[in-house]
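**Q** Could you have a look at this structure, given as structure tokens, before my questions?
The values are calculated or read from the model by the stated rules, or taken from the named source; none is laboratory data. Given the structure is predicted, the values throughout are model-derived calculations rather than measurements. Methodologically, a virtual Cβ is constructed for each residue, glycine included, from the backbone with ideal geometry; neighbour enumeration extends over all protein chains shown.
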Amino acid sequence: MITTSHVTARYAETDQMQVIHHAVYPVWYEVARTEFIRQAGLPYSEMEKQGIMTPLTSLTCHYRFPCVYEDEITIQTQLSKLTPSRLSFHYTLYKNAEATPFHTGETHHGWVDAKTFVPINVKKRFPEIYEHMLKTIEPDTVTK
């Protein structure tokens, strides 16, 4: 499953060089990731109510071309890896309906208990959530 999210580059997100500051991209990733999970039919707020969270463990950003104020951004998001203890998302960003992406990135997360932040095996503790997320990616992408 690949979802599409849209953001417009805001003036407050630019730096002195009048391009979008590098710290903005992780915020856009969060917008897209939240939309992905919602479109998958399991809103993040519901996962939290069930007692599970997915804190960020690492992220990577690849800047190809600059993005500036008022660019219309399309973010394509997909779950790129799923294991009982971790999950990863891949992001491809396009601006102004161009065919070539100007930016790509990935975020990596762990499955943890919402109260203790202790890592959990989501496949054992919340098998319905694991199976739900498993349906959103290609089988050859999953590490079981």
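**Q** If you check GLU13 against the conditions, is it closer than 15 Å to ILE73 by Cβ and under 15 Å from the mean Cα position of the chain (by Cα)?
**A** In short, no.
**Q** Which of (1) within 15 Å of MET47 (Cα to Cα); (2) crowded, with 19+ Cβ neighbours inside 10 Å; (3) at pLDDT 95 or above; (4) not aromatic (Phe, Trp, Tyr) is the odd one out, the single condition LYS123 does not satisfy?
**A** Going through (1) within 15 Å of MET47 (Cα to Cα); (2) crowded, with 19+ Cβ neighbours inside 10 Å; (3) at pLDDT 95 or above; (4) not aromatic (Phe, Trp, Tyr) one by one, LYS123 breaks only (2).
**Q** GLU46 versus (1) out of contact with any strand residue (DSSP E or B) (no Cβ under 8 Å at 6 or more places or on another chain); (2) farther than 21 Å from LYS135 by Cα: which is the lone unmet condition?
**A** All conditions pass for GLU46, except number (2).
**Q** Tally the residues that are among the aliphatic types (A, V, I, L, M) and either surrounded by 17 or more Cβ atoms within 10 Å (Cβ to Cβ) or assigned to a helix (DSSP H, G or I) (or both), restricting the search to region 103-120.
**A** Of the residues in that region, 2 qualify.
**Q** Okay, next question. What tally of residues in region 73-102 results from selecting those that are in a loop (DSSP other than H, G, I, E, B), farther than 19 Å from VAL122 by Cα and among the β-branched types (Val, Ile, Thr)?
**A** 1
**Q** Moving on. Could you list, in sequence order, the residues of region 1-58 that are among the hydrophobic types (A, V, I, L, M, F, W, C), free of Cβ contacts under 8 Å to residues at least 24 places away in the same chain, out of contact with any Phe, Trp or Tyr (no Cβ under 7 Å at 6 or more places or on another chain) and within 24 Å of TRP111 (Cα to Cα)?
**A** Across region 1-58, the qualifying residue is only VAL27.
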